[in-house]
1. When only the heavy atoms of the protein chains count and the probe is 1.4 Å, how do B:611, A:238, B:408 rank by accessible area, highest first?
2. Toward the positive end of the charge dipole of the range A:154-247, about the Cα centre and with charges on Cβ (Lys, Arg +1; Asp, Glu -1), which of A:237, A:224, A:172 goes farthest?
3. Might you tell me the accessible area per residue for chain B, computed with a 1.4 Å probe and given in Å²?
4. On the protein heavy atoms, probe 1.4 angstrom, tell me the percent of accessible surface of the range A:126-247 carried by carbon and sulfur.
5. Put +1 on the Cβ of every Lys and Arg and -1 on every Asp and Glu Cβ in the range B:481-638; which of B:621, B:607, B:566 then has its Cα farthest towards the positive end of the dipole?
6. Hey, can you list the residues from the range A:115-132 whose accessible area shrinks by 20 Å² or more with all protein chains present, relative to the chain by itself (probe 1.4 Å, no ligands or nucleic acids)?
7. Of B:253/B:468; B:13/B:252; B:489/B:616; B:87/B:338; B:253/B:532; B:338/B:497, which ones are farther than 29 Å apart at the Cα?
8. Would you mind giving the total buried accessible surface between chains A and B, with a 1.4 Å probe and ligands, DNA and RNA left out, rounded to the nearest 100 Å²?
Amino acid sequence: MKINLKIWRQTDAGSPGRLVDYELDHVIPHMSFLEMMDTLNEQLILSGERPVEFDHDCREGICGQCGMMINGRAHGPIPHLTTCQLHMREFKDGDTIYVEPFRGKAFPVKRDLRVDRSAFDRIIMAGGFVSVNTGQAPEANGIPISHEQAESAFDSAACIGCGACVATCKNSSAALFTAAKIAHLAKLPQGKIESRKRVLSMVEQMDIEAFGHCTNTEACEVECPQDISVLNIARMNWEYTLSKVLK
Amino acid sequence: MELNAKIPPGPLKDKWSFYKDHARLVNPANRKKLEVIVVGTGLAGSAAAASLAEMGYKVKSFCFQDSARRAHSVAAQGGVNAAKNYKNDGDSVYRMFYDTIKGGDFRSREANVYRLAECSAQLIDQAVAQGVPFGREYGGYLNNRSFGGVQVSRTFYARGQTGQQLLLGAYQALMRQAAAKTVTLYTRHEMLDLVLVDGKARGIIVRNLDTGEIERHSANTVILATGGFGKIYYLSTLAMGCNASAIWRAHKKGAFMACPSWTQVHPTSLPQSGDYQSKLTLMSESLRNDGRIWVPLKPEEKRKPNDIPEDERDYYLERRYPAFGNLAPRDISSRAAKERIDAGFGVGPQLNAVYLDFSKAIKEQGKEKIKEKYGNLFAMYRKITDTDAYSEPMMISPAAHFSMGGLWVDYELMTTIPGLFALGEANFADHGANRLGANSLLQACVDGYFVAPYTVSNYLAGEIHAEKLDADAQEFIDAEVRVRAHLGKLLAINGTKTADHYHKTLGKLLYDYCGLSRSREGLVYAIKEIKKLREDFYEHLKVPGTEEEMNGELEKAGRISDYLEVAELMCQDALTREESCGAHFREEYQTPEGEALRNDEAFCFVSAWQWQGEDKEERLVPEPLHFENVELTVRSYK
């Protein structure tokens, strides 16, 4: 099939960007979106143009590296899917597709579709861990955790840190990402001990990084490839309030 | 040069304790003066960097991804082994050691493998303490399941995302140290050379992939934890960025490469569907616990799988290997699938797949139970193929996966270059000629959390008085000049073919001649073709842009220039090993039933290869393997 592309090209964070038109004639419906981009890049290189820089690595929906706005939606038209797992069969012959980088003040563009998501790392650095050293951990079965509780912690821990939640949020809020980590650790006895300190410092770091506030539009949950629930945000708010009150 | 594996003395079960009791220590006050470079932030790299930083060393951590959390360990799905014997089904450290030695077709070191099994229980404790949400029984205790090649339940899992959860544990430990400023992170940095001073590893040259800037970093020791190079086949289960560059450039500086031809071909990948395809997606091996593998009895069967009656199906693994059935080890299962596909019984549009069928399990356990165990894998299958595997069988196919080969290391995980360590999949140790499922996460973690802290310290104890090294030393300048010259060379070719073209061509050559089965004739042909392809690469490659900016094509070209050299050594290695073992199946050496025929008399050794210079044949240095605790039996899963 034939696909028309309008792709955001930008040399670096300091330069202005613009949408550039490209045409691809032989797109196979079974191609992934990124394989379609590979095909475009092959064409661009051979014609002497710079290929489009985009982030990707595992191409199986788990590393969290890929991500672009496709027709205005983070990771494209299908809910709960990474860009690498989006296939061209979701588009029609002759379609025009807008491809832009993930949006968010805290995610500056590096080049073309690549953005800087290191703010997420700094949020984790602010306390998204259990303070345990290597080597002398107690017997794992010494702390029984109910099946339901472990599953629930897993639901929160499944976040891949892709940033779609931020990109799709009208406030560019990182609430879903941060809340998922706070909930994951707070739901387990190992992480519970530090939870009050953790929530305060991680929320503070979100503000430092210039992420916006959550206004409960729930757009993040719709686009999240792992279907992380907004209930995590409620949990974060509860932990935060509790920590503030008891501080 | 004779290889010394430095195996500690004493009985097998006491070797690691003996080592730990006698390893040299570094006074806490001295640790902060010692600098450690860790390249790679997967399980082995993050775990080592975090652990050494906790001890007080000054650590620099490098990765090419945009965040340490995205290293390819993240993609491992199925689980991690540990001899906890929670199921009371007869598991023990010795049994796990034995399964692993046998699974590796008696081509790994006893002492290393025993240590792996010994440290396994401790790893589960460590991960749970970090908050890794492993699957739990209803009583609150840890659950586990079986994986290929074993008859006990010793695989711990976090749904189908065990790698991700373990990596997040290690990544979080790393970020904790980054916050404490004991670790400095360098993401989007790729190592392009190793710097030796007085014969010791003292630093690296890296390229900042965002800016193109070349940087020099010095340290007292360099740890490579850069993963495997299965992506050399282009179509593989590995992430696009996985590569051999760091270990290959270390090899060219004197680190021996061991058994590079042993690449595991994983039996449960999704089949290739077209030429445009960039990778093969892996479905977890855990699916084989409940899924039954079959092909139609009739060749080129046109009917849909659900329309083929039971008596017209060939459950070939259950037929050929009744004792292990669908849980036969990866090499055996992959080869059996290839045998059926080659014989004309393959299914799917390209006739290159076999069925993995859950109908019996769903009938017996109910859809909900299967959904709970494998739900995310079924969802992933649906996303990629648009097919509902609850109502019709999945289609799976073998795909290049894990490199058992890598840098040669001794018991301390040190390479033949003093001060250069290799951890996890970047080294050759522990797996022999085949890796059992759920042992890769284990090895990476054990190397990083439990082995390196002792062995790296033992080395650093001798470096306390080493001169503080300035990255302006002549050795660093020379290395940088070479790196810049190589990048310049790639850019100057300005030909007509893309880096991907060469990668795909090389990958196909390797699949055909150094893949699931190999022959002398094929390997000799492949070596000739690889040499030609390499010449073509330096004549016709096209890399747009410059080196002083973000340039994804330049990154690819650099990796492929290394792959073109690694590939030749892979074929050379496969050619010299005139036997079949594990992942290495030489067509000339098989039993009348078509099973692998090992030759312990002549090939019970690790093939270590020494670089001799450009355009010179590498030198084979065998490290003989000594088996004192197990008998080398014919590996039977019947």
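1. On the way: B:611 60, A:238 140, B:408 5 Å².
Descending accessible area places them as A:238, B:611, B:408.
2. Projecting each Cα onto the dipole axis, the largest value belongs to A:237.
3. Accessible area per residue, chain B: 33 Å².
4. Numbers: 2840 of 5070 Å².
C and S fraction of accessible area: 56 percent.
5. Of the options given, the answer is B:566.
6. For the range A:115-132, once contacts with the other chains are taken into account, A:117, A:121, A:124, A:125, A:129, A:130, A:131, A:132 lose 20 Å² or more.
7. On the way: B:253/B:468 22 Å; B:13/B:252 36 Å; B:489/B:616 21 Å; B:87/B:338 35 Å; B:253/B:532 25 Å; B:338/B:497 32 Å.
Checking Cα-Cα distances, B:13/B:252; B:87/B:338; B:338/B:497 exceed 29 Å.
8. In total, this chain pair buries about 6500 Å².
The values are calculated or read from the model by the stated rules, or taken from the named source; none is laboratory data. For clarity, every value in this text was computed on a predicted model and none was experimentally measured. No Cβ is skipped: glycine too gets one built from the backbone with ideal geometry, and neighbour counts run over all protein chains shown. Accessible surface areas use protein heavy atoms only, side chains included; no ligands, DNA or RNA. Shrake-Rupley method; radii C 1.70, N 1.55, O 1.52, S 1.80 Å.
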